[in-house]
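Accompanying notes for the structure given below.
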Amino acid sequence: MLGFVPPLPQQPGRPPSSGHMIVCGDDALARRLAVELRFIYGERVTLLLPPGRDANNPETPLTQRGRAAALFGRMSAAMNRAGNGIGTTGGNGSTGGSGDTNAGVEAVRIMEAPEPSDDVLEEAGIDRAAALALVYDDDERNIRAALTARRLNPRLRLVIRLYNRKLGQHLEELLDQAAAVAMPGIDPALLDASTTVLSDADTAAPALAATALTGSNKIIQAEGLLLRAAERPPPRPGEHADPGLCTLALLSSTTNDPAGAEGSDSSGDEAPQLLPDERAVADATGRGTVVLEAISRADPARPATRMGGRGAPLAQIFSRRLRWSALGFALAAVALVIASLLTTKDTALHSAYLTVLDLLGMNDPAEGASPARQIIQILSGIAGLLLLPLLIAAVLEAFGTLRTASSLRRPPRGLGGHVVLLGLGKIGTRVLVRLRELDIPVVVVEEDPEARGIPLARSLHVPTVIGDVTQEGVLEAAKIYRARALLALTSIDTTNLEAALYARSVKPDLRVALRLYDDEFATAVYRTLRTAHPQALTRSRSVSHLAAPSFAVAMMGRQILGAVPVERKVMLFAALEVAGHPQLEGHTVEQAFRAGAWRVLAIDATPPADRNPDLAALPPFDPEGDATPPPSGLVWDLHPGYVLRAQDRVVIAATRRGLAELLRRQRSAVPGR
C-alpha cells in the first residue's frame, strides 16, 4: 500500500519540486539523513519508509511514520531554541539562503511503501530528483533499487549504503558505466560523483574505537593522512593552554560537572563550541579544549594480529600446565645426566646416552656397576614412568586443539587491560577489526552464535563469550573486573544501558562507551552515570548521528574524510577544491578561517593535472615560514599569510552548517551546478 503524509500535521504535503532529494531506508539512518538534508542543507526531501509496524506490538510503541515525525519535531524545536535555523526567516515567511519559500521549518514529504519499486520511485519524483540515497539495512535491496533508479533517471546522483566493501566498489563502477552510456560526453567530474557507496559501520567505527581506547584522543585517518586530536583539561589559574597546531573545539561548560550532560546543539551557551577563534579560547574559563596535535602520514595498512600474541605456535596447541610439566621433566633428565657424569667419570655423550636408555627402559641393567650408577638408573626408571602419561597428554591435547581450531576461544585466565565488546553485528564487527589493527586485546560478548562477526572473531582467535549480557555471570566470564573499557554496541538501548550499569557495579572506574539512538535517553543516561561515578569516563554515541553527515555530503556530490564526535556534536574533515569557493579563493589562510564554520588545516598544491587522490602519496613540502605558494606537494605546517589559489586543494575542519554553507555558495557561484 502506497501513501504519504507530512511529518508535521499543520503543514500539508505537496509534490516534490525539481532538484529535490529522495531518501529511502528502514532505520534510524534514513530519518537522520532526512533531518540533515532538510535542516542543515535546506534541501527539499522526500523520505520513503516501509509501512508502520503493528501498532498492537508492545515492542514497537511508534510506527515508522511516527518515529520520523517525532524526530523532525524535536529537530525543529532544537533549531528554534538554538537560533541556528537555515538562513533567516523574513517577515513574509520565506526562509533565505536555501531557496525555501515556506515559513519556519518546511515539512519533509513522507511516503510509505514496502519496496522502492518503479511505481513507488516514480511517485516520489525520481525523474525530477537531483539525488537519491538508498540506506536500507539490506544490501540486496539497496542494489536492486539502485539499478532501478539508474534506469529511470541516468542523471541521478546515487548514494548507496553497503556493508560489503568489495561489492560496493564493483557496484560503483557498474552504475557509473551505466550513466556514461546513457549520457555520452558527461563531465568526468560529474561522473565521478554520480555514484557513491558508503558504509555507516566504516564511518562510525573509528570514532567508537577511539572512545574505548583512550577516551580523550581522537584519531582521524583521512585519505592517507593521520590527524591526531586530543581533549585537554581546563588550564589552572595563571596557566595558558597549549593550543597545539590549532584549537578545534571548546568543550561544554558542564564537562567538569559530575551531574552535567554532554553538550549538544540544543544546549545553548553551555554547548561545546566548534572551531573557536583565539579570542573565544582566551575568554573561556573552566572549559576543556580539543586541540589538533599533529598531522602526519598514516602507516601502511597492516593485517590484524591474532589474539594469541607473538609466542611460539606450541602455545596455541598445548596448555600452559602441560608445557610446565614438560619443562620439569626435561630439567629432571638434565639433572640425571649431570649426576651420571659426576659419579661415573664417563664422557658427557656416553652419560647422556645411558640416561636416555634408562628413561626409556631399554633393559640395560647396571649389574656390577658402582652403587651410584645403580641408584641413578633406578631414579631414571622412575622418571621414565612419568614420561608415558606426559606423552599421552600431549597427544590428546594436540588432537583436541586440531579439532577445536575452528571453534571460539575462551578468555584466558590471566587476561587484563582488555576491551570488552558487546555485540558483533555490523557495527561491532567493524569496531573489532579496528581494535585488532591497533593490537588492542579484546573479549567479545555475543548472544547469537550465528552473528555476522562470529567467523571473524574465530579467524582472529579473539576470545568470545556466547551468552546474554543481561544474564548473571556473562560479563564475569569476559573478565570485566580486569578490563580497561566496555563498548556496548548492541542495537538495543536498554541492553547497552543494563550492561553498563552492571559493569560499573563490578568495576566503578571502568571506562564505558554506549551506543544509544535517542538523544534525550542518552542525555539522561550520561548524567546518571556521571553522577554515580564522577571519576569514571562515560560516553554515549549514536551511529546514525555519526554517519548521517557523510551521507548528506555525498548527496551534495562531495565526500567527507572523517567525522569526529565532540561531545554530542560532530566535526567534519573534508578535502575541497578551492576553485568555486569565494570564501577561500584569493584569501590567506588566516582570512579564510571562519570561527564556528571552517578552518583550513592542510593544502595540496599539486597541479590538478598531476594530482593524486591519495593525499599520503604526495611529497611533503617544507615552507620554512615562507608564504609564497609551493610548486607542488602537501603542506600541513601552514603559514597564515599563504594565499589560497584556485588550483589548490585544501583539507578543512568544518561544522555541519559550515560545510553546508560552503557547498551551497559553490553551487550558486559556479554555472551549471
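The values are calculated or read from the model by the stated rules, or taken from the named source; none is laboratory data. Bear in mind the structure is a predicted one, so any value in this text is a computation, not a measurement. A quick note on method: Cβ atoms are made from the backbone with ideal geometry, for glycine too, and the neighbour counts reach across all protein chains shown. The accessibility values were calculated without ligands, DNA or RNA, using every heavy atom of the protein model including side chains. Shrake-Rupley method; radii C 1.70, N 1.55, O 1.52, S 1.80 Å.
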For A499, net neighbour charge (Lys/Arg +1, Asp/Glu -1) across residues whose Cβ lies under 13 Å away: -4
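On the accessible surface of region 525-590, probed at 1.4 Å, how many percent belong to carbon and sulfur atoms?
Details: 920 of 1900 Å².
About 49 percent, which is the carbon plus sulfur part of the accessible surface.
Students sometimes get this wrong: rank R511, R504 by accessible area, probe 1.4 Å, all chains present, largest first.
Details: R511 60, R504 5 Å².
Listed by decreasing accessible area, they come as R511, R504.
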At what distance in nm do the modelled label points of L342 and R645 sit from each other, each positioned 7 Å from its Cα along Cα→Cβ? 8.3
Might you tell me the accessible area per residue for region 107-205, computed with a 1.4 Å probe and given in Å²? 44
Counting only residues 5 or more places away or on other chains, whose amide H sits under 5 Å from the amide H of T46 once H atoms are built in the peptide plane? M21, I22, V23
Convert each backbone phi in region 597-606 into a coupling constant with the Karplus relation 6.51 cos²θ - 1.76 cosθ + 1.60 (shift: θ = phi - 60°), then list the ³J(HN,Hα) values in order as whole Hz, x for Gly and Pro. 10, 7, 8, 7, 9, 8, 10, 9, 9, 5
Under a plain spin-label model, where a point goes 7 Å from the Cα along Cα-to-Cβ, how far apart in nm are A532 and L349? 7.3
Spelling out what I want: for every residue of region 554-568, take phi, set θ = phi - 60°, compute 6.51 cos²θ - 1.76 cosθ + 1.60 (Karplus), and round to whole Hz; glycine and proline get x. 5, 5, 8, x, 10, 9, 8, 7, x, 10, 10, x, 10, 6, 9
Between S542 and residues 5 or more places away or on another chain, the pairs with built amide H atoms under 5 Å apart involve L516
Kindly rank 140-147, 448-455 from highest to lowest mean number of other beta carbons found within 10 Å of each residue. 140-147, 448-455
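How would I440, I22 line up by accessible area, probe 1.4 Å, largest first?
Largest accessible area first, the residues go I440, I22.
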Can you work out the accessible area per residue across region 407-461, with the rest of the protein chains kept in place, probe 1.4 Å, in square angstrom? 39
R482 and A335 label points (each 7 Å along its Cα→Cβ direction) are spaced in nm at 3.0
To the nearest 20 debye, region 499-547 has a Cα-centred charge dipole, built from +1 on Lys and Arg Cβ and -1 on Asp and Glu Cβ, of 220
